[in-house]
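Enquirer: Take this structure, written in structure tokens, and hold onto it; I'll ask about it next.
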Amino acid sequence: MEGLSKSDANLIVYVHPSQSKNVDKAILRELSSLLFKYSQAFDGVVLAYSVDPQDKCARILSGVHPYFGVRLRANLLIFSPKPNMLLEGKVVKITRESIHCIVLGFSSAIITDENIRNELKYKAKHGEGVYVSRYHKRHVIKVGAVIRFEVKSLDEEILHISGSLIPANTGSVHWLDKYFVDAATDSNKETKTEEEMEMQEQITVGGEMLSFVNDHEIKKSKKRRRAEDQ
């Protein structure tokens with residue numbers, strides 16, 4: 001899945017003097033406050049981290065409450081979805097107007113009907129809504145399935161994603177991973193076969209193209225060629 005990246009960052013964590021007896025715990029508490037929130041500094045959502053203190057000594061800052069700063073190096077896992085990226089999410093709700101899913105267990109996403117390609121048709125089965133492909137019966141999107149969709153936008157404040165199922169390489173991950181390449185290959189074969197049939201319907205005689213559309217055109221072409229020979 002796209003949108004995930006690792007980042008090495010040099011940070012300074014400011015610790016209150018009351019936490020001086022347990023600095024390690026204070027550092028972890030400060031870093032944990034960054035989790036699952038959009039950060040402008042990292043241009044994404046911090047999902048996980050590991051830290052390595054750079055100095056054994058801290059620098060005391062002047063002020064009414066003299067905090068001390070601890071330098072450390074952190075390895076961060078960042079989720080930063082951008083438009084046109086492909087994400088995966090678990091479907092939690094399906095209606096005729098939209099598909100709702102959860103990405104990475106914390107970010108909600110919605111795909112409205114205007115962003116669902118015509119190939120996918122809504123149906124009600126056993127009281128539950130599903131989307132089924134008009135061309136591939138095994139391609140089904142239902143509650144509990146994992147789908148791959150394209151990002152349209154991200155609301156950074158509430159971490160809400162607007163997605164799209166317009167591209168052909170989006171839909172049920174189970175179907176895409178098993179059949180998408182074969183389906184694309186079959187489609188190319190059909191197109192190639194049609195082109196070959198059209199080519200076979202035409203031959204070249206004496207530098208002139210003849211088309212086997214009907215006998216009248218062939219006879220007409222022969223008469224024209226005889227007139228040119230005379």
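Enquirer: Tally Lys and Arg at +1 and Asp and Glu at -1 over the other residues with C-beta under 14 Å from the C-beta of Arg134: what net charge comes out? Don't jump to the answer; show the numbers that get you there.
Expert: Values: positive: Arg117, Lys121, Lys123, Lys137, Arg138; negative: Glu119.
For residues surrounding Arg134, the net value is +4.
Enquirer: Could you put Ser107, Ser32 in order, starting from the residue whose Cβ has the fewest other Cβ atoms within 10 Å?
Expert: Ser32, Ser107
Enquirer: What relative contact order, as a whole-number percentage, does segment 86-177 give when Cα pairs under 8 Å and 6 or more residues apart are counted?
Expert: Values: 191 pairs, mean separation 27.3, N = 92.
In percent, rounded to a whole number, it is 30.
Enquirer: List Thr112, Thr170 from most exposed to least, where exposure is judged by having the fewest other Cβ atoms within 10 Å.
Expert: Taking fewest neighbouring Cβ atoms as first place, the list is Thr112, Thr170.
Enquirer: Under the 0.36 nm per residue contour assumption, what length would be gained going from the current alpha-carbon distance of Leu77 and Ser32 to full extension?
Expert: 14.9 nm
Enquirer: Let me ask something else about it. Based on other C-beta atoms within 10 Å, arrange Tyr131, Tyr122 from fewest to most.
Expert: Neighbour counts put them in this order, fewest first: Tyr122, Tyr131.
Enquirer: Further question on the same structure: For segment 86-177, how big is the tail of P(r) above 20 Å, as a whole percent of Cα pairs?
Expert: Within segment 86-177, distances greater than 20 Å cover 25 percent of Cα pairs.
Enquirer: Determine the sum of side-chain charges near Val143: Lys and Arg each +1, Asp and Glu each -1, restricted to other residues whose C-beta is under 12 angstrom from that of Val143.
Expert: Summing Lys and Arg as +1 and Asp and Glu as -1 gives +3.
Every number in this text was worked out from the coordinates using simple rules, so none of it is lab data. Nothing here was measured: the structure is a model prediction, and the numbers come from that model. Note: ideal-geometry Cβ built from the backbone for every residue, glycine included; neighbour counts use all protein chains shown.
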